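Chemist: First the structure, then my questions, so here it is.
The values are calculated or read from the model by the stated rules, or taken from the named source; none is laboratory data. Computed from a predicted structure; not experimentally measured. No Cβ is skipped: glycine too gets one built from the backbone with ideal geometry, and neighbour counts run over all protein chains shown.
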């Protein structure tokens with residue numbers, strides 16, 4: 001099936017290329033609407049993540065043939081949303097809604113995303129808020145998932161406005177067209193002396209495999225460039241043994257450039273290491289045996305003294321998602337004493353792209369769990385040798401970070417310059433490599449950014465006053481701003497307060513105070529941003545809820561968290577969906593919540609049920625569903641839950657959640673469920 005779709009896509013594109021000139025000259029003689037429908041049909045046939053570019057081209061052709069086709073504009077925007085330049089979807093979604101407001105039941109959701117990625121944050125909030133209002137009483141499983149996502153995105157929009165109000169003092173420049181290409185170039189890493197740059201590219205020039213990969217792009221290869229007289233020279237393929245005819249991706253260099261870490265996607269994703277020989281060539285990559293597990297290990301960075309390695313993994317038990325770990329080299333030269341960096345650095349979401357500065361004092365990484373602008377943002381945490389601990393991470397700020405994914409940030413030895421891949425500014429290709437001058441960058445806490453934002457809002461408000469308005473005294477921002485929440489934790493069905501407790505997230509500062517003023521009643525006083533999880537015996541714990549200070553007039557907020565009573569013998573979905581033919585969940589955060597529930601309620605038992613989509617034979621799908629259920633069961637056991645309290649069962653493809661008609665619907669059928677006993 002995969003071969004057929006790839007072959008079809010190639011045939012379509014070849015036909016489009018050959019006939020494009022002919023089409024331009026005769027389309028007036030054809031039924032353009034019928035031709036648009038044909039382009040649309042072909043686009044739908046190959047629409048998925050791996051064929052996003054080809055589908056985009058076909059849908060775009062459909063809009064050109066029939067500019068009044070709402071569905072063609074909608075699918076053009078939807079396929080662009082799967083690419084790197086997501087903001088380019090906005091005009092297509094806007095046009096689709098104008099042509100037909102009912103073009104898709106979730107059009108407001110997609111418009112909100114497009115506005116957010118375009119950094120038009122107020123418009124994004126409007127669309128997101130309208131979507132929540134429209135779907136308030138929905139029972140649709142996909143919309144329920146999206147509602148939870150939209151609530152988080154509204155918070156991201158507020159945070160992005162705060163970051164954009166106080167840009168970081170950095171100068172960012174495009175490295176060079178000698179390094180960048182018209183193809184994706186990303187994951188740069190540089191030696192401490194800035195003489196050697198290593199990165200990953202999917203370019204045609206120099207690629208060891210002239211054929212296309214399954215997604216109709218060239219295979220990943222590792223490239224190098226040398227810096228002479230302050231300028232980067234032409235990038236070259238590093239060649240064998242680091243590259244072969246399949247995907248090869250660089251992860252990081254040691255500061256001296258003699259040790260290279262490489263990622264291979266086999267065995268769930270593993271880290272390999274290669275050493276530079278005296279003649280400048282490299283040894284064959286070898287797996288980091290002590291580091292790799294059946295789970296994913298996808299980034300690594302080593303200190304200048306070669307004694308500590310920082311890497312990311314989604315292995316259990318963890319804080320949730322992908323976490324950062326530290327390993328120490330033993331006297332025998334092996335990696336040992338592996339430990340999770342803990343809840344100050346790691347969150348229930350993803351931390352990735354770890355980079356340790358040459359001095360070992362500053363850890364740079366990406367996260368979507370700490371306060372950021374949207375998707376992954378880049379943060380820095382500092383090491384305190386006296387307490388052997390890492391500081392609260394600081395967001396590097398805008399314009400280093402954006403509303404899209406920002407990841408893989410590597411610095412020179414003195415931390416004066418950084419290299420990273422981005423879709424900012426005037427790209428030469430899809431992703432390009434940029435150099436940031438960090439000499440004047442200063443760490444600014446989120447609380448400090450909020451003060452700047454509030455002061456600017458006051459200044460803007462004053463500037464809009466009439467010219468003859470008399471100001472008796474200047475308005476001064478207070479030296480310390482406290483954010484207060486009067487919180488009620490209540491039963492979702494009866495709305496009655498519950499005897500409960502709340503756990504603060506890692507971003508809560510030392511000044512945060514929680515006062516239990518009555519059953520289910522709390523007053524929380526904190527710095528401008530924090531998050532909590534509410535728990536009560538006999539109820540499911542709440543999802544992590546974030547609070548952000550939003551103006552001098554809203555320094556006290558009243559809010560309620562509703563907890564759902566534990567429903568026994570009723571299957572409930574774990575939102576941890578699987579990739580095709582995989583038994584590794586995309587996230588463990590929901591399983592962490594279930595583990596917390598079981599840990600707090602020792603009398604409960606749980607049954608984990610695995611499910612698949614309809615692709616493949618019955619016997620294989622049955623085995624796959626059992627592997628998925630047992631994967632979750634094993635994770636719970638690793639988190640300390642008694643194995644006797646957790647059962648696992650597989651249903652294969654016999655119990656779909658939604659009809660197996662599209663790739664998206666199949667994704668939701670590749671799921672697990674839990675039933676409390």
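Chemist: Out of (1) in contact with a strand residue (DSSP E or B) (Cβ under 6 Å, 6 or more places away or on another chain); (2) modelled with pLDDT of 85 or more; (3) over 22 Å from residue 567 (Cα atoms), the odd one out for residue 610 is which?
Modeler: With (1) in contact with a strand residue (DSSP E or B) (Cβ under 6 Å, 6 or more places away or on another chain); (2) modelled with pLDDT of 85 or more; (3) over 22 Å from residue 567 (Cα atoms) applied to residue 610, the lone miss is (3).
Chemist: Only one of (1) modelled with pLDDT of 90 or more; (2) outside any strand (DSSP E or B); (3) out of contact with any helix residue (DSSP H, G or I) (no Cβ under 8 Å at 6 or more places or on another chain) fails for residue 246. Which number is that?
Modeler: Only one criterion in (1) modelled with pLDDT of 90 or more; (2) outside any strand (DSSP E or B); (3) out of contact with any helix residue (DSSP H, G or I) (no Cβ under 8 Å at 6 or more places or on another chain) is unmet by residue 246, namely (1).
Chemist: Right, another one. Please state which one of 356, 338 is assigned by TED's automatic domain parsing to the domain that holds residue 183 and surrounded by 20 or more Cβ atoms within 10 Å (Cβ to Cβ). Full working, then the answer.
Modeler: On the way: 338 fails: surrounded by 20 or more Cβ atoms within 10 Å (Cβ to Cβ).
That would be 356, the only listed residue that is assigned by TED's automatic domain parsing to the domain that holds residue 183 and surrounded by 20 or more Cβ atoms within 10 Å (Cβ to Cβ).
Chemist: Quick test for you: out of 83, 6, 23, pick the one residue that is modelled with pLDDT under 85, under 30 Å from residue 144 (Cα atoms) and assigned by TED's automatic domain parsing to the domain that holds residue 140. Let's see the steps before the verdict.
Modeler: Values: 6 fails: under 30 Å from residue 144 (Cα atoms); 23 fails: under 30 Å from residue 144 (Cα atoms).
Just one listed residue meets the conditions, 83.
Chemist: Right, something else. Residues in segment 214-233 that are more than 24 Å from the chain's Cα centre (by Cα) and in a loop (DSSP other than H, G, I, E, B): how many?
Modeler: Going through segment 214-233 one residue at a time, the tally reaches 3.
Chemist: Separate question: Checking the condition buried (at least 17 other Cβ atoms within 10 Å of the Cβ) and in the same structural domain as residue 366 (by TED's automatic domain parsing), which residue from 411, 386 passes? Spell out the reasoning first.
Modeler: On the way: 386 fails: buried (at least 17 other Cβ atoms within 10 Å of the Cβ).
Sole residue among the options that is buried (at least 17 other Cβ atoms within 10 Å of the Cβ) and in the same structural domain as residue 366 (by TED's automatic domain parsing): 411.
Chemist: Would you say residue 569 is touching a strand residue (DSSP E or B) at 6+ places or on another chain (Cβ under 8 Å), at pLDDT 75 or above, farther than 22 Å from residue 153 by Cβ and loosely packed, with under 14 Cβ neighbours inside 10 Å? If you could, list the steps in order and put the result at the bottom.
Modeler: Working: touching a strand residue (DSSP E or B) at 6+ places or on another chain (Cβ under 8 Å): yes; at pLDDT 75 or above: yes; farther than 22 Å from residue 153 by Cβ: yes; loosely packed, with under 14 Cβ neighbours inside 10 Å: yes.
Criteria met by residue 569.
Chemist: Right, next: Quick check on my filter: what residues within segment 210-224 are touching a strand residue (DSSP E or B) at 6+ places or on another chain (Cβ under 8 Å) and either farther than 25 Å from residue 259 by Cα or not assigned by TED's automatic domain parsing to the domain that holds residue 264 (or both)?
Modeler: 212, 218
Chemist: Given 667, 593, which one is modelled with pLDDT under 85, buried (at least 19 other Cβ atoms within 10 Å of the Cβ), touching a strand residue (DSSP E or B) at 6+ places or on another chain (Cβ under 9 Å) and assigned to a helix (DSSP H, G or I)?
Modeler: Values: 667 fails: buried (at least 19 other Cβ atoms within 10 Å of the Cβ).
Only one candidate qualifies: 593.
Chemist: Which residue is nearest to residue 253 (Cα to Cα), if the candidates are limited to segment 318-337 and must be under 19 Å from the mean Cα position of the chain (by Cα) and part of a loop (DSSP other than H, G, I, E, B)? Write out each step before concluding.
Modeler: Pass one, segment 318-337, residues under 19 Å from the mean Cα position of the chain (by Cα): 318-325.
In the following step, the residues that additionally are part of a loop (DSSP other than H, G, I, E, B) were identified as 318-322.
Working: 318: 26, 319: 27, 320: 27, 321: 25, 322: 21 Å.
Looking at residues that are under 19 Å from the mean Cα position of the chain (by Cα) and part of a loop (DSSP other than H, G, I, E, B), I get 322.
Chemist: Now for a different question. Suppose we filter 63, 83 for residues that are crowded, with 21+ Cβ neighbours inside 10 Å and in contact with a helix residue (DSSP H, G or I) (Cβ under 8 Å, 6 or more places away or on another chain); which single one remains?
Modeler: 63
Chemist: Now, a different point. Only one residue in 215, 205 is over 22 Å from residue 409 (Cβ atoms), surrounded by fewer than 23 Cβ atoms within 10 Å (Cβ to Cβ), in contact with a helix residue (DSSP H, G or I) (Cβ under 8 Å, 6 or more places away or on another chain) and modelled with pLDDT under 95, so which one is that? Step through it out loud before you land on a result.
Modeler: Working: 205 fails: in contact with a helix residue (DSSP H, G or I) (Cβ under 8 Å, 6 or more places away or on another chain).
Sole residue among the options that is over 22 Å from residue 409 (Cβ atoms), surrounded by fewer than 23 Cβ atoms within 10 Å (Cβ to Cβ), in contact with a helix residue (DSSP H, G or I) (Cβ under 8 Å, 6 or more places away or on another chain) and modelled with pLDDT under 95: 215.
Chemist: With the checklist (1) more than 20 Å from residue 566 (Cα to Cα); (2) in contact (Cβ under 8 Å) with a residue 60 or more places away in the chain in hand, flag the one item residue 674 doesn't pass.
Modeler: Exception for residue 674: condition (1).
Chemist: Please work out which one of (1) in contact (Cβ under 8 Å) with a residue 40 or more places away in the chain; (2) surrounded by 22 or more Cβ atoms within 10 Å (Cβ to Cβ); (3) in contact with a strand residue (DSSP E or B) (Cβ under 8 Å, 6 or more places away or on another chain) is the condition residue 403 fails and give its number.
Modeler: Only one criterion is unmet by residue 403, namely (3).
Chemist: Got a sec? Which of 303, 283 is over 18 Å from residue 207 (Cα atoms) and either at pLDDT below 95 or not assigned by TED's automatic domain parsing to the domain that holds residue 354 (or both)? Walk me through it before giving the result.
Modeler: Working: 283 fails: either at pLDDT below 95 or not assigned by TED's automatic domain parsing to the domain that holds residue 354 (or both).
One residue alone meets the criteria, 303.
Chemist: A follow-up question, please. Checking the structure you have, find out if any residue of segment 447-464 is at pLDDT 85 or above, surrounded by fewer than 17 Cβ atoms within 10 Å (Cβ to Cβ), in contact with a strand residue (DSSP E or B) (Cβ under 9 Å, 6 or more places away or on another chain) and farther than 15 Å from residue 190 by Cα.
Modeler: no
Chemist: Do we have residue 661 as outside any helix (DSSP H, G or I), buried (at least 21 other Cβ atoms within 10 Å of the Cβ) and not assigned by TED's automatic domain parsing to the domain that holds residue 75 here?
Modeler: On the way: outside any helix (DSSP H, G or I): yes; buried (at least 21 other Cβ atoms within 10 Å of the Cβ): no; not assigned by TED's automatic domain parsing to the domain that holds residue 75: yes.
Here the answer is no, as residue 661 does not meet what is asked.
Chemist: Follow-up. For segment 119-129, check the following and say yes or no: at least one residue is closer than 25 Å to residue 59 by Cα, buried (at least 21 other Cβ atoms within 10 Å of the Cβ) and either touching a helix residue (DSSP H, G or I) at 6+ places or on another chain (Cβ under 6 Å) or at pLDDT below 90 (or both).
Modeler: yes
Chemist: Please state which of the following conditions residue 269 fails to meet, knowing it meets all the rest: (1) within 14 Å of residue 208 (Cβ to Cβ); (2) modelled with pLDDT under 90.
Modeler: (1)
Chemist: What are the pairs with Cβ atoms under 7 angstrom where one residue, in segment 244-258, is outside the structural domain of residue 193 (by TED's automatic domain parsing) and closer than 11 Å to residue 200 by Cα and the other, located anywhere, is buried (at least 16 other Cβ atoms within 10 Å of the Cβ) and modelled with pLDDT of 90 or more? Sequence gap at least six, or different chains.
Modeler: That search, which allows pairs on different chains as well, returns nothing.
Chemist: Testing residue 315 on (1) at negative phi; (2) outside any strand (DSSP E or B); (3) in contact with a strand residue (DSSP E or B) (Cβ under 7 Å, 6 or more places away or on another chain), one condition comes back false. Which one is that?
Modeler: The number of the failed condition is (3).
Chemist: Every residue in segment 373-391 that is part of a loop (DSSP other than H, G, I, E, B) and in contact with a strand residue (DSSP E or B) (Cβ under 6 Å, 6 or more places away or on another chain), please.
Modeler: Of everything in segment 373-391, those that are part of a loop (DSSP other than H, G, I, E, B) and in contact with a strand residue (DSSP E or B) (Cβ under 6 Å, 6 or more places away or on another chain) turn out to be 376, 391.
Chemist: For segment 481-535, enumerate the residues that are part of a loop (DSSP other than H, G, I, E, B), buried (at least 19 other Cβ atoms within 10 Å of the Cβ) and modelled with pLDDT under 85. Quick ask: steps written out before the conclusion?
Modeler: Looking only at segment 481-535, we keep the residues that are part of a loop (DSSP other than H, G, I, E, B), and these are 481-482, 492-496, 498-500, 505-512, 519-520, 527-528.
Remaining after also requiring buried (at least 19 other Cβ atoms within 10 Å of the Cβ): 498, 500, 505, 507-508, 520, 527-528.
505, 507, 508, 527, 528, listed by residue number.
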